[in-house]
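What follows is a set of notes on a single structure, which appears directly below.
The values are calculated or read from the model by the stated rules, or taken from the named source; none is laboratory data. Just so it is clear, the model here is predicted, and its values are computed rather than measured. With ideal geometry, Cβ positions are generated from the backbone for all residues, glycine too; neighbour counts draw on all protein chains shown. Surface areas here come from the heavy atoms of the whole protein model, side chains and all, with no ligands, DNA or RNA. Shrake-Rupley method; radii C 1.70, N 1.55, O 1.52, S 1.80 Å.
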Amino acid sequence: MATEPEAAEPVVPSLVDRYFTRWYKPESHPVLQSGKTIKSISYQISTNCSRLQNKVSGKFKRGAQFLTELAPLCKIYCSDGEEYTVSSCVRGRLMEVNENILHKPSILQEKPSTEGYIAVVLPKFEESKSITEGLLTQKQYEEVMVKRINATTATS
């Protein structure tokens, strides 16, 4: 008696994958380079400003903090004593910060393009096209990373 192959479970896209487009920049931050260990992360920018106090509500995103390209999002402290301030890089409204990286900073390095995100910033619709110029789609980014890995292993 022949058996039918089991059908694979359908992959349900995440909320982010369903409603948003991920954009990538193929540059690597020093924190993501090998050998760095993140000790802690802080969203406390100054004595009067904490990104954790960002409270967004309603259709028009009331209460969202407005960020410029150079506005600091968080500070990353490494075990070697190095400290990095991560800027928004995008002008827009701060929708949310990832509080999970406060409790488990290692996910910032382990899963930087999924669970290890720092924040979600919503640019003005009119500016979104100019912001994405020069950025890569997920497929293009993966191709660049494969080439980079192949080049590194070829020189080793």
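Which number in (1) free of Cβ contacts under 8 Å to residues at least 12 places away in the same chain; (2) in a loop (DSSP other than H, G, I, E, B); (3) farther than 27 Å from Gly35 by Cβ marks the one condition that Gly81 misses?
(3)
From the list Phe60, Phe20, which one is aromatic (Phe, Trp, Tyr), open to solvent by 100 Å² or more (accessible area, probe 1.4 Å) and over 16 Å from the mean Cα position of the chain (by Cα)?
Values: Phe20 fails: over 16 Å from the mean Cα position of the chain (by Cα).
From the options Phe60, Phe20, the qualifying one is Phe60.
Take the residues of segment 116-148 that are closer than 20 Å to Pro72 by Cα and modelled with pLDDT of 85 or more: which is nearest to the chain's Cα centre (by Cα)?
Tyr117
Among what's in segment 23-57 and is over 16 Å from the mean Cα position of the chain (by Cα), charged (D, E, K, R) and open to solvent by 100 Å² or more (accessible area, probe 1.4 Å), pick the residue that is modelled with the highest pLDDT.
Narrowing segment 23-57 to residues over 16 Å from the mean Cα position of the chain (by Cα): 34-37, 39-40, 44-50, 52-57.
With the extra rule that they be charged (D, E, K, R), the set shrinks to 36, 39, 55.
Subsequent filtering for residues that are open to solvent by 100 Å² or more (accessible area, probe 1.4 Å) retains 39, 55.
On the way: Lys39: 93, Lys55: 82.
So, considering only residues that are over 16 Å from the mean Cα position of the chain (by Cα), charged (D, E, K, R) and open to solvent by 100 Å² or more (accessible area, probe 1.4 Å), the one modelled with the highest pLDDT is Lys39.
Out of Ser130, Ser113, which single residue is part of a helix (DSSP H, G or I) and open to solvent by less than 90 Å² (accessible area, probe 1.4 Å)? Steps first, answer last, please.
Numbers: Ser113 fails: part of a helix (DSSP H, G or I).
Within the list Ser130, Ser113, the selection yields Ser130.
In segment 83-103, which residues are loosely packed, with under 13 Cβ neighbours inside 10 Å and not β-branched (Val, Ile, Thr)?
At the first step, the residues of segment 83-103 found to be loosely packed, with under 13 Cβ neighbours inside 10 Å are 83, 85, 99, 103.
Within segment 83-103, Glu83, Glu99, His103 qualify.
With the structure loaded, tell me whether Asn48 is among the polar types (S, T, N, Q) and free of Cβ contacts under 8 Å to residues at least 12 places away in the same chain or whether it fails that test. It would help to see each step written out before you state the result.
Details: among the polar types (S, T, N, Q): yes; free of Cβ contacts under 8 Å to residues at least 12 places away in the same chain: yes.
Criteria met by Asn48.
Please go through segment 63-81 and give me each residue that is loosely packed, with under 13 Cβ neighbours inside 10 Å and either more than 17 Å from Leu122 (Cα to Cα) or among the acidic types (Asp, Glu) (or both), ordered by number. Let's see the steps before the verdict.
Here is the first cut: in segment 63-81, the residues loosely packed, with under 13 Cβ neighbours inside 10 Å are 66, 68-70, 79-81.
Of everything in segment 63-81, those that are loosely packed, with under 13 Cβ neighbours inside 10 Å and either more than 17 Å from Leu122 (Cα to Cα) or among the acidic types (Asp, Glu) (or both) turn out to be Glu69, Ser79, Asp80, Gly81.
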